[in-house]
Each structure stands twice: as structure tokens, then as C-alpha cells.
Amino acid sequence: MPPQADTPPLIPLPTHLELRAGTFALTAATVLTADAANLPNAHYLQTFLGSPTGFPFPIQEKPPEHLPIIRLQTGGNAHLGREGYTLTITPHTLTLTAPTPTGVFYGLQTLRQLLPPEIERRAPVPNPSWQIPCLIIEDAPRFSWRGFMLDEGRHFHGKETVLRLLDWMALQKLNTFHWHLTEDQGWRLEIQQFPRLTEIGSHRTSTSPSMFDASDGTPHGGFYTQEEIKSIVAYAAERHITVIPEIEIPGHSLAALAAYPELSCTGGPFEVATRFGIFPDIYCAGKESTFTFLTGVLDEVMSLFPSPVIHIGGDEAPKSRWKKCPVCQARMKQEGLKTPHALQGYVTNRIAAYLSAHGRRAMGWNQILHEELDEQAIVHYWVGNQKPVIEAIKNGRDVVMSAFLHTYLDHGYSLTSLRKAYQYDPILPKLDAHAQHILGLEAPLWTEFVPTRARLDYQTFPRLLAFAETGWTLQARKNYPDFQQRLAAFAPRLDELGIQYARGNDLKPNWLKQSLGIFTIIQPQTKTAS
């Protein structure tokens, strides 16, 4: 059932909301109090509210009862899980209770949305009215994995853009930032053991603006130092977001091969790719030096990212070089492998075992799925036959869903409209009894045709809000017309945040645009955003 008309326009929609009479007002007298576990949340709230209001919001262990109080505390209903919370607002007291500080943090994001959009400003607001409706909210997410993926291999956007995205993810209660850091077109992560990865692999000489255009002749490059990575991971952790790095294995590796051509089957030479697509040269699966390189890279990756999961790609890996490579053929004979696909399975399992020995789980796109796949590996579904994925789920395989025609943010709105994005359900047919193995969903933004921040904003918003609601809100509670109304009321908040989101007719493509929508996969709608 859709919520009542006077319900605050919250996105994602909470599990249960009951409005009460009256309001709670933020004033210069308002104080914060928190138990020890929630002091970081109290400091976060103090800073966030202090900038636009100009109020001090002192944190006091035992505040006087006559003052308006915001209370953050651990406890409450354990059945809400580690991310759930209860928010109770009366005219005098705002109490946020949760089983964990993570749940309290998500309750703070709800509080943020209950305040006027001007609360997003980082400078004092003139003539404000900081009124919050009295209510009770009990809330918890549907899925444990609510993710957004940014591809920086194709276009490097930099630290400021990533921090900005993490702030937006927090507002929407998204908890997983999948960071695609290696590609044919660029290697974006400093690896001290292999310096040529960034000296050579992080820069390309030009870029093809679309599938049908010649290269633009403009060099493009950039990478993150290890210190920058550490600071971004820490910033995400403060917002209860886990950063999952992706190191592509064995394909999409031309940037690495340009730096270390001896890791290929042919020996090169290679250049960092300037066009987009799938390239035949991938890591040689027969050479032991390939595994020495990959495990060395992963050692440094694991030292930078404390995430329990490391994404190893695995998609779009042509086998033509392996078929002709005597070293790869010798490896297949030695290991009793009948096909090149089985050889990729060997590579995947060897890397997965290495990660497992270091307390991590491997994750890869659904092309890694085969009968002998490491039992701990997580499958990331994006395209192709769903039957093997369904069978894997029934057999206990954990899966994250990113269905190509529903969740890809690089697609034009004529192909993946806001309605289509909102109506996506990650639970595959006849899998309700095994739903616990569908960890959740992720919305990827591939950046072949996303060179600027304006383009990034436009492709991502407001569709990411739709995916956030799908990840958090029970399917039975979702209602697209109601979401549209809440989004209209939410839009001024996006404006305050400086997000250059898609709007108007772009969100409602006519039949002609929809019929041509499939072409946005290979040709961007460049006239819409710069």
C-alpha cells in the first residue's frame, strides 16, 4: 500500500511510519547525547547540523531534562538487524535507537531528510525554520548488499568526485561502493611492487568519444596513490560504506600488459587502449609469472582495502590467444583441463583460493560461474542465461544482481527509464525459498561515455534513488506513482547538493525514443549533458 498523502517524502521509503501531532524544533539550545558506541555518530551529526543552522549542538553525557535533546543510543529491537533503527520524535525529545551504530547512522540519514532541503548547505541559512514532524519510524533494509559501482578505468574522475558520491550514497542508505579500478583503457591504483602499472598503464594518448568517432587526440590519465586510497576508504567507513575494489582477471588487462608485456601470451608490445570494446590480449594463464604478478598486486590491494570481498572481474575474456599459446596449452594438459573456459576456471579458483587463505572472498561477474567454482566465491550477475545462476543459488551460491537492461546507469533513459529502474526486482522467479542467497543489487556506472562530472550526475540521478529504494524497501511497499510524488518533493534537496540530475521529458521517453533506446549502449546521448 502507498503511504498517506501527508507522509514526509522519504527515499527510500521506511518500513513503518506513524505521524504524531506536533513538531520538534532545532534551536540554539538543542543538545546531543550519545552512548560511547555512538559518539562518532554524534560528532557527525554535530558537524552536519552545525554548518547550516549555526547552532553549537554540544554533546553532553547527562544533559538537563528541560533542554531539547537529540539522543543516540544502542539497543532496541534486535529483530531490526544491524542496519535497522527506531526513530521516535516528540516535541521535546528526538530519540534514535538501533542495535548497532550502523543502524543509528541510517536513522540520521532519515532525520536529514525530515529537515528542510536547506539543511544540506555548508554555510549558515538566513531566516531558517528547522521544524521536524513528530512521528515514530521503525525501519530496516530488505537487502544486505545495496551497491553502486563506479568505473574509473575508462574515465578517471578523481578523489573529490568519489567523496561526493560517497556522501550521496550515505543519504540513500547505500552500503557498498564497488570501485572498478583496472581496465584496458587505464590502471588507476598505485602498486608499489609494480610501478610501471601507473607510470605507463594509467595514461592513454587519446579517447574515442563514441563507437563511431575517431580518437579525439587528447591524452587522458590519472591514478590514486595509496595514501589517497586509504583516505577514501576511511571516509567511506565513517559513512558505513564498504569499498569493494575490482582488479580485472584475466581480461580487460591491456593497460597492465602495456606496462608488463611479458605477462601476455605473445609478448607484445601493447599500448593502453584508446578505443572501447573487447580486446584479444589478456593475461597468459600458462606462465607462473602471471600468478606471481597477480598475487603481488592483490597483496597490496588487501593491505589498502579491509573489505571482506575482492572483486576479480572475469567477464569478456577472449580465449583466442590461449588457444594458440603453447604455455597455456601445456598448463591445460598439466591440469587436465579440456577447454579454454576450464582454463579460466583454473585461474579464477587459484586466485579465489589465494584470497580465501588471506580471509577474503572472491567475487566475479557471472562468466566465472562453472561447476568447479570455489564454493565461497560470490557471483555478480549482469547478463546472459539466468538458468545456471538460478541453479547455483538453489545450491547455496551467494549472488549479487545487476541485470544489464535494468540497472546499468550508463544506458540512456530511453533504454532504462526511471520507471523501469524502479520496477526492477532482484529476486529471480521461483527463488523465494532461496532468497537469502541473493545478497542484493548493485547499479553500475560504466564510464566509456561519461567523461565529466555533469555527465556522471545526469546518468546516475535520479535512477540511483530508485535503486536505493529497491535495495531498502520491501517489494510490497513499493509504488511507482508514490515514488514519483516523493521524488518531486525530494528534488530541491538534489538542487541543494548541486547534483545535475536528469529531469522533465528525459525521464519520460516517448515511444520513438524507447524504440531507439538500445543504441544508447554504443552511442551516448551527448546532446543531453556535457
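Explain nothing, just the number: relative contact order of the range 16-139, from Cα pairs under 8 Å at least 6 residues apart, as a whole percent. Value for the range 16-139: 35 percent. Taking the alpha carbon gyration tensor of the range 205-314, multiplying each eigenvalue by 5 and rooting it gives semi-axes of 27, 21, 12 Å, largest first.
Can you tell me how much longer the chain between Thr161 and Thr225 gets when fully stretched, taken as 0.36 nm per residue apart minus their C-alpha distance, in nm with one decimal?
Details: separation 64, 0.36 × 64 = 23.04 nm, distance 1.55 nm.
Taking Thr161 through Thr225 to full extension adds about 21.5 nm, to one decimal.
Ranked by the mean number of other Cβ atoms within 10 Å of their residues, highest first, the peptides 481-491, 412-422 fall in the order 412-422, 481-491. A helix-only calculation puts the chain at -9500 deg cm²/dmol for mean residue ellipticity at 222 nm, using -39500 (n - 2.57) for each DSSP H run of at least four residues, averaged over all residues.
Across q = 0.20, 0.29 Å⁻¹, the range 306-369 modelled as identical point scatterers on its alpha-carbon atoms has Debye log10 I(q)/I(0) values of -0.80, -1.20, in the order of the q list.
P(r) tail for the range 69-177: Cα pairs beyond 16 Å make up 65% of the total. Built from the Cα atoms of the range 113-212, the convex hull projects on average onto 11.8 nm², one quarter of its surface area. In terms of the mean number of neighbouring beta-carbon atoms within 10 Å, the peptides 451-459, 241-249, 268-276 order highest first as 241-249, 451-459, 268-276. As a quick test, which of the pairs Lys159/Lys230; Lys287/Lys333; Lys287/Lys338; Lys287/Lys324; Lys324/Lys387 have an alpha carbon distance above 23 angstrom in this structure? Table pairs above 23 Å Cα-Cα are Lys324/Lys387. Converting the Cα gyration tensor eigenvalues of the range 470-519 into ellipsoid dimensions via √(5λ) gives semi-axes, longest first, of 23, 19, 10 Å. Of all DSSP bridge pairs formed entirely within the chain, close to 35 percent run antiparallel. The radius of gyration of the Cα set in the range 356-462, together with its Dmax, comes out at 15.4, 45 angstrom. Nearest 5 percent is fine: what portion of the DSSP beta bridges confined to the range 52-168 is antiparallel? Around 60 percent of the beta bridges assigned by DSSP in the range 52-168 are antiparallel ones. Among the listed pairs Lys323/Lys394; Lys420/Lys508; Lys430/Lys508; Lys173/Lys478; Lys173/Lys430, those whose Cα-Cα separation exceeds 22 Å are Lys323/Lys394; Lys430/Lys508; Lys173/Lys430. In plain terms, the bigger the Kirkwood radius, the slower the diffusion; for the range 16-139, with that radius from Cα pairs, at 20 °C and 1.002 mPa s, Stokes-Einstein puts D at 149 µm²/s. The ranking of Met302, Met169, Met363 from fewest to most other beta carbons within 10 Å of each one's beta carbon is Met302, Met169, Met363.
Averaging over all projection directions, the Cα-based convex hull of the range 418-493 occupies 6.4 nm² in the image plane. Note on the range 16-139: dipole from Cβ charges, positive end direction compared against Pro40, Tyr106, Leu80; the farthest Cα belongs to Pro40.
May I ask you to order 396-404, 148-156 by the average number of other C-beta atoms within 10 Å around their residues, highest value first?
Working: 396-404: 19.8, 148-156: 22.8.
Ranked by mean Cβ neighbours within 10 Å, highest first: 148-156, 396-404.
Treating each Cα of the range 394-530 as an identical point scatterer and summing with the Debye formula, the log10 of I(q)/I(0) at q = 0.16, 0.19, 0.22 Å⁻¹ comes to -0.86, -1.14, -1.40.
Per residue, the average separation of C-alpha pairs within less than 8 Å and at least 6 apart gives the chain a relative contact order of 15 percent. The Rg/Rh ratio of the chain, with Rg taken over Cα atoms and Rh as the Kirkwood radius over Cα pairs, comes to 0.99. Scanning the chain for long hydrophobic helices, with DSSP H runs required to stretch 15 angstrom or more by C-alpha along their axis and to average at least 0.0 on the Kyte-Doolittle scale, returns 101-114, 159-171, 288-304, 340-357.
Where a number appears in this text, it was derived from the coordinates with a stated rule and is not lab data. Note that the structure is a prediction, hence the values are computed from the model and not measured. Quick reminder, even Gly has a Cβ in these numbers, built from the backbone with ideal geometry, and neighbours come from all protein chains shown.
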